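Read through the structure below, which is laid out as C-alpha cells, and then see the notes.
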Amino acid sequence: MTSNDDYVLEVIEEKGIVTAGQIELARESSAENGGSVIDALVRDEIVSQGDILGALAEQFGMDVVTLVGETIPPDVISALPVDLARRYKVVPINKHDNTLVVALGDPLDMESLDNLRHILKCDVQGVVAPPDEIKGALERYYAVEASMEAMLEEISDTNVDMAVRSSVDQSDDSSIAETDAPIIRLVSLIILEAHRNRASDIHLEPMERRFRVRYRIDGVLHEVDSPPKRLQSAILSRVKLMAGMKLAEKRTPQDGRIEVNIRGRQLDLRVSTVPGSHGESIVMRILDKQSLALGLPELGFLSDDQRVFEQLIQAPDGIILVTGPTGSGKTTTLYACLNYINRPDRKIITVEDPVEYQLSGVNQVNVREDIGLTFAAALRSILRQAPNIVMIGEIRDFETANIATEASLTGHLVFSTLHTNDAPSAITRLLDIGIKPFLVASSVRAAMAQRLVRCHCKKCAEERAPTQIETNILSASHEGGSDMKIMAGRGCNECALTGYKGRKGIFEIFHISEDIQRMIFEKLPASELRIRARESGMRTLREDGMRKVISGMTSLDEILRVTMGDID
C-alpha cells in the first residue's frame with residue numbers, strides 16, 4: 001500500500017493498532033502466501049486499510065477525507081491537468097488563493113507533492129483518501145479527457161453510425177464540418193460517452209470563454225471535460241447538420257432529430273437549439289428504445305400501490321391523469337400502462353408530440369402543428385376510428401381537454417399528463433382550463449403525481465443504522481421503528497463514487513371517490529381535496545418516498561431533495 005512497509009509497521013505498532021506478535025504472524029503468512037506483511041495484516045483482517053491510512057495521516061498531520069458523494073467544482077478539477085493527476089495519482093479537491101489541496105492515497109508520497117509544487121508554481125497541500133476512492137475520482141473527473149485520443153481512434157463506421165438528414169442544404173454555412181473528419185469523430189465521441197455513462201441528455205453550452213459540455217445522469221447534471229472554445233462553431237454546425245436543421249439560421253430556436261446506431265443499439269436523439277449570448281445552446285435528449293422499462297414493477301411501485309393502480313387502469317372508461325414536472329417520467333408511466341392493458345381485443349391509439357417510442361400493437365399519431373395536426377385535431381379524427389383506449393401526450397388547452405372529457409364520457413378510457421406539482425392540483429388545473437366542474441367530477445377516475453429518485457447502487461449498497469436525525473424524520477412519517485435499518489451506497493467505480501445508479505418513481509395516487517366528486521362539483525380548492533384524500537388513505541409523495549427509504553430502494557436525502565415542496 002505504501003512505499004516503506006517497515007516504517008508503516010512501526011507507526012501502527014506504536015499507535016497500538018497491531019501488536020508485535022500479530023506482525024510476526026503476518027510475516028509468516030506473507031512468507032507462505034506471498035505479498036507484503038501489510039497485505040497479510042489486511043488479508044487476515046487484523047487491521048483495515050482505513051486504520052493504516054488514518055494512522056499515517058495523523059503521523060504527518062494530514063486530514064483524512066472521503067470522496068464518495070462529494071462533487072468537486074469544475075474550476076478545481078481544471079487546476080490540475082489530467083496528465084499530472086494520473087501520473088501522481090492525486091485528485092484536486094479545493095483551491096483558494098495560491099493554494100491547491102489534493103487528495104492522495106499514500107501519505108508517505110511527499111515527493112509527488114514536492115513535484116507538483118514545482119510544476120504548478122503554487123503551494124500544494126495534501127490530504128489523505130482511500131486509494132480506491134482516488135481511482136474512482138480519477139475515472140469520474142478525468143475519464144473523457146484522458147481517453148479522448150484512444151476513443152477517437154476506436155470510433156468507426158461499424159460501431160457508431162449517425163444518420164444525417166438528407167433534406168438539409170449542406171452548402172449554406174461556411175463552418176460546416178462535414179468534410180472535417182476529426183470534428184465528425186469528436187461529436188460521435190460526445191454522444192458515445194453520454195450513452196456509456198447512461199446520460200438522459202447532452203447539453204452543449206457556449207460560454208464567454210469556454211464551451212461547456214454536460215451530461216444529465218440519473219437526473220443530475222455532470223460537467224465533463226469540454227472541447228476547446230475554437231471548435232465550438234464546427235461542433236454546433238455538425239450537430240445541426242445531423243439533426244436536419246437550417247445551418248445558417250442562428251437567431252431562432254430549432255428542433256430536429258438524430259438517429260444513432262451504437263454497436264447495434266438504436267438510439268433516437270431529440271435535438272433542440274436556443275440562441276444565446278455567446279452562441280447557440282444545444283440540448284440532445286437521448287431516447288434508448290431498448291432501455292424503456294415497460295413493466296409496472298420496474299417503475300418503482302410497491303406491491304399495494306401497484307394493485308391499486310392496476311385496478312384503476314383497467315377501468316372501462318374515464319380519464320387517468322399522470323402529473324409532475326418535465327423529466328419526472330410521466331411518459332414512461334403512460335407507456336407502461338398501455339403495455340399492461342394492450343391486448344388483441346382492444347384498439348389503442350395515442351396522440352403524441354412527438355412519438356418517443358414505438359409500441360407493438362398500438363396505433364401512434366405524431367402531432368404536427370405546422371400542417372394543422374394539433375392534439376385537438378388528431379383527437380377528433382381518431383375518435384372516428386372507434387378506439388377503446390386513447391393516450392394523449394399532454395392536455396395543454398381547453399379544446400384538447402374538452403374532447404378528452406367527452407371521449408371519456410362516451411365509453412373511452414383516456415390517459416394523459418398534466419404539469420402540476422401534486423395529484424389533487426390536476427383537478428384545479430382542468431377547472432382553470434375551462435372544463436365544467438360536473439364534467440371533471442364525472443370523467444376523471446384518478447390522478448397520480450410522481451417524481452424520480454436515484455436508487456442505491458446494488459454493487460456497493462450496505463445496510464446501516466440510521467442517525468438520530470434520520471430516525472426522527474422516518475418515525476414522524478409513521479414508517480420507521482426504533483430498530484429499523486436503512487441502506488446507503490458506499491460509492492464504487494460502477495456508480496462513479498456517487499452511491500446511486502438508476503432511478504425509480506415515488507407516487508401519490510389520488511382516487512376520485514364519491515366524496516371527492518361532490519367536493520369538485522362544489523368547486524372546493526385543491527387544498528381541501530388533498531385533506532379529504534389523505535383522510536381517505538392517500539399517501540403523499542414524501543410519505544411514499546419514506547416507505548422506499550425503509551425498503552432500501554433509495555436514501556432519505558434523495559427523498560427530501562425531490563419532495564422539498566411537498567407539504568405533509
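The values are calculated or read from the model by the stated rules, or taken from the named source; none is laboratory data. Just so it is clear, the model here is predicted, and its values are computed rather than measured. Positions of Cβ are backbone-derived with ideal geometry, glycine not excepted, and every protein chain shown enters the neighbour counts. The accessibility values were calculated without ligands, DNA or RNA, using every heavy atom of the protein model including side chains. Shrake-Rupley method; radii C 1.70, N 1.55, O 1.52, S 1.80 Å.
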What's the extension gain from residue 317 to residue 366 if we count 0.36 nm per residue and subtract their Cα-Cα distance? 15.3 nm
Total charge dipole magnitude, the chain, about the Cα centre, Cβ charges on Lys, Arg, Asp, Glu only, Debye to nearest 20: 2480
With Rg and the Kirkwood Rh both taken from Cα atoms, where does Rg over Rh land for the range 20-143? 1.05
List the cysteines in the chain whose Cβ has no other cysteine Cβ under 4.7 Å from it. 122, 337, 455
So the carbon and sulfur contribution to the accessible area of the range 1-113, 1.4 Å probe, in percent, is 45
Taking only the Cα atoms of the range 501-556, how large is their convex hull per residue, in Å³? 89
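Once you sort the root eigenvalues of the Cα gyration tensor of the range 337-452 as a ≥ b ≥ c, which label holds: rounded (a/c under 1.5), prolate (a/b larger than b/c) or oblate (the other case)? Before the final figure, lay out each step's value.
Numbers: a/c = 1.41, a/b = 1.31, b/c = 1.07.
Here the range 337-452 falls in the rounded category.
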Ignoring any ligand, DNA or RNA, what whole percent of the accessible area of the range 325-477 comes from carbon and sulfur when the probe is 1.4 angstrom? 48
Taking every DSSP beta bridge that has both residues in the range 299-422, what percent is antiparallel when rounded to the nearest 5? 5
If each part is reduced to its alpha-carbon centroid, the range 237-269 and the range 338-394 end up apart, in Å, by 25
Relative contact order (percent, whole number), the chain, Cα cutoff 8 Å, 6+ residue spacing: 10
So which lysines can residue 436 reach, going by Cα to Cα under 16 Å and dropping same-chain residues fewer than 8 places off? 523
Please report the antiparallel percentage of the DSSP beta bridges confined to the range 356-512, to the nearest 5. 80
Can you give the translational diffusion coefficient of the range 101-144 in µm²/s, computed by Stokes-Einstein from the Kirkwood radius over Cα pairs at 10 °C and 1.306 mPa s? 142
Note on the range 444-518: alpha-carbon gyration tensor, axes a ≥ b ≥ c; rule is a/c under 1.5 for rounded, else prolate if a/b larger than b/c, else oblate; result oblate
Over the range 260-385, what is the relative contact order in whole percent, taking alpha-carbon pairs under 8 Å and six or more residues apart? 16
Length gain on complete extension for the stretch residue 557 to residue 358, per 0.36 nm per residue less the alpha carbon to alpha carbon distance? 68.1 nm
Taking the dipole of the range 287-364 about the Cα centre (Lys, Arg +1; Asp, Glu -1; charges at Cβ), the one of 358, 332, 309 that reaches farthest to the positive side is 358
Can you check how the C-alpha radius of gyration of the chain compares to 2.2 N^0.38 Å, as a plain ratio? 1.16
Sum of -39500 (n - 2.57) over DSSP H runs of 4+, divided by residues of the chain (222 nm, nearest 500): -11500 deg cm²/dmol
Selection from 457, 421, 388, by position along the positive dipole direction of the range 383-457 (Cβ): 457
For the chain, the per residue accessible area (1.4 Å probe, Å²) is 47
Please give the length that would be gained between residue 272 and residue 230 if that part of the chain were fully extended, namely 0.36 nm times their separation in residues minus their C-alpha to C-alpha distance (nm, one decimal). 12.9 nm
Please state the shape class of the range 217-376: rounded when a/c is under 1.5, otherwise prolate if a/b exceeds b/c and oblate if not, all from the C-alpha gyration tensor. prolate
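Which entries in the list 89/458; 459/504; 135/459; 458/504; 485/548 go over 20 Å, if you measure between the two C-alpha atoms of each? Numbers along the way, then the final one.
Numbers: 89/458 27 Å; 459/504 17 Å; 135/459 17 Å; 458/504 14 Å; 485/548 12 Å.
The pairs that break the limit, which is 20 Å between Cα atoms, are 89/458.
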For the chain, the charge dipole (Cβ of Lys, Arg +1; Cβ of Asp, Glu -1; about the Cα centre) points to a positive end, and the Cα of 492, 115, 18 closest to that extreme belongs to 492
Please get the size of the charge dipole for the range 271-399, origin at its Cα centre, with Cβ charges of +1 on Lys and Arg and -1 on Asp and Glu, quoted in debye to the nearest 20. 340
Tilt of helix 131-146 relative to the longest C-alpha principal axis of the chain, in degrees (0 to 90, nearest 10)? 60
Just flag the trypsin sites (Lys or Arg not before Pro) in the range 199-231 sitting in loop per DSSP whose Cβ has no more than 16 other Cβ atoms within 10 Å. 209, 210
Indicate, rounded to the nearest 5 percent, the antiparallel portion of the DSSP beta bridges found entirely in the chain. 65
